[in-house]
Protein chains: 2
Amino acid sequence: MARVCFPNSELDWGTMAGTYEAQNCTLARALELIGERWTLLIIRDAFYGVRRFNHFRDHLDIPRAVLVERLATLVDNGLFVREQDPDHAARHLYDLTPLGRDLWPALHALLSWGTRLAGPNQLRFVHVTCGTEIDDHGDCPACHVNPPPADIATEPRDGKARGRTDAVAVALRQRHTLLQPLDAVL
Amino acid sequence: MARVCFPNSELDWGTMAGTYEAQNCTLARALELIGERWTLLIIRDAFYGVRRFNHFRDHLDIPRAVLVERLATLVDNGLFVREQDPDHAARHLYDLTPLGRDLWPALHALLSWGTRLAGPNQLRFVHVTCGTEIDDHGDCPACHVNPPPADIATEPRDGKARGRTDAVAVALRQRHTLLQPLDAVL
DNA sequence: TCAGTGAGGTTCGTTTTCCGAACCCGAGTG
DNA sequence: CACTCGGGTTCGGAAAACGAACCTCACTGA
């Protein structure tokens, strides 16, 4: 797995490989892990509760080999853990680690920015304890708190959520709390 | 410029090309514009005040052809404007539009997340009116406001900001307000 | 006025990555 | 004991990134 060359502001990584303490451009460092194509969409799906290889595959229409590679680097870098499915010997489960979950603010900020391009997101993000939709900063305007993803649920913005027919897309037509495994519904 | 295929949650873009209103996955839409390699680093440099082709080039060590292409799509998509330099007929200036500036929260969130990987960023982001370093949410903990980028300045975290020797990197060793053109210092 | 320089690109050949279809193998199922 | 499903690997073609060379225009200085 060749090192992706995302140069930073002040230091050359070619000569500094490994010395993370002296590193300054943390954006470049972040992009080295999550800046590749598909990666952020895989992480989004993980927040939605997707855990299995084929569910990522079906929902994203991503080439198998690319998904294998992305999941491997996400596991290598500590954003995901891969474990055996206790109920099915032949299955694996991919779960976000705390490091991966910490990406929620960045993910939500990008998603919010996207609404400036394409209008509101078809899935609403609501605070589970009060049902209010969270704002662009990720805050609940009713409770004046910044809920973590586990306190946020998705629901279709209006009734006409249509289009994809894969199992994940269908399951997300019901209200669903982030990070809750979708496996049960599938 | 082929359409980058970032599939969304519910709709297939192949069949929905152009109908942005019916679009739901705004993250996929956002990544279509800023998810390609180098793009977010170019935008970061624009926040730092970089405006000229060769300054992006020198600071990022990006291949010329790639930079040409990225700037063109950023202009096409309304994140940057390209204008003549009034003082030098042979120069162009690239500036962030309001749409591009709206990316600041997402950019800062990613940068903050990167500190969990590599330790603190070498550049600090401080609230210009009080000098306090802004927190992970982009808020000023002293003033309890969420300053826009124009109210945020960068300064080296400690004296030993070293490494790159290009003009932009050197200029950024002085305190500098975001979005203020660096041209004067260069 | 004319060589030299810097700015912003093009062009081109090589290497890397992406893509999609086909194949594979172990575990459960009927 | 055939069949399917889950999670991959392999392979050949297409696209993108890369880096070095080249090119044109505007200014500069002698």
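The values are calculated or read from the model by the stated rules, or taken from the named source; none is laboratory data. Keep in mind that this is a model prediction, so the values were computed, not measured. Note: ideal-geometry Cβ built from the backbone for every residue, glycine included; neighbour counts use all protein chains shown. Heavy atoms of the whole protein, side chains included, go into the accessibility calculation; ligands, DNA and RNA do not. Shrake-Rupley method; radii C 1.70, N 1.55, O 1.52, S 1.80 Å.
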In nm, what does the list of distances from B:Arg64 to its counterparts in the other copies look like, shortest first, when each label sits 7 Å along Cα to Cβ? 4.4
So what J values fall out for the range B:71-80 if you push phi through Karplus, 6.51 cos²θ - 1.76 cosθ + 1.60 with θ = phi - 60°, rounded to Hz, Gly and Pro as x? 5, 5, 6, 5, 5, 4, 8, x, 8, 10
Determine the per residue accessible area of the range B:22-99 with all protein chains present and a 1.4 angstrom probe, expressed in square angstrom. 37 Å²
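At a probe of 1.4 Å, how much accessible area disappears from chains A and B on forming the pair, both sides counted, to the nearest 100 Å²?
Details: alone 10570 and 10570 Å², together 16080 Å².
Result for this pair: about 5100 Å² buried.
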Quick check: at a probe of 1.4 Å, how many percent of the accessible area of the range A:90-153 sits on carbon and sulfur atoms? 53 percent
Since chains A and B are linked by a rotation, which residue in A has the beta carbon closest to its axis, and how far is it in Å? A:Ala109, 2
Any chance you could check the Cα centroid distance between the range A:73-90 and the range B:65-133 for me, in angstrom? 36 Å
Taking just the alpha carbons, could you work out the radius of gyration and Dmax for the range B:72-186, both in angstroms? 15.6, 45
Phi to ³J(HN,Hα) by Karplus 6.51 cos²θ - 1.76 cosθ + 1.60 over the range A:172-184, Hz, x for Gly, Pro: 6, 7, 9, 4, 8, 6, 4, 6, 5, x, 7, 3, 4
At A:Pro148, with labels set 7 Å past Cα in the Cβ direction, how many nm apart are the copies from this one, shortest first? 3.4
Taking a label point 7 Å out from Cα toward Cβ, give me the nm distances from B:Pro181 to the same spot in the other copies, shortest first, one decimal. 5.8
Does anything in the range B:36-54 have its amide N under 17 Å from the 7 Å Cα→Cβ label point of B:Val68, and if so which residues? B:53-54
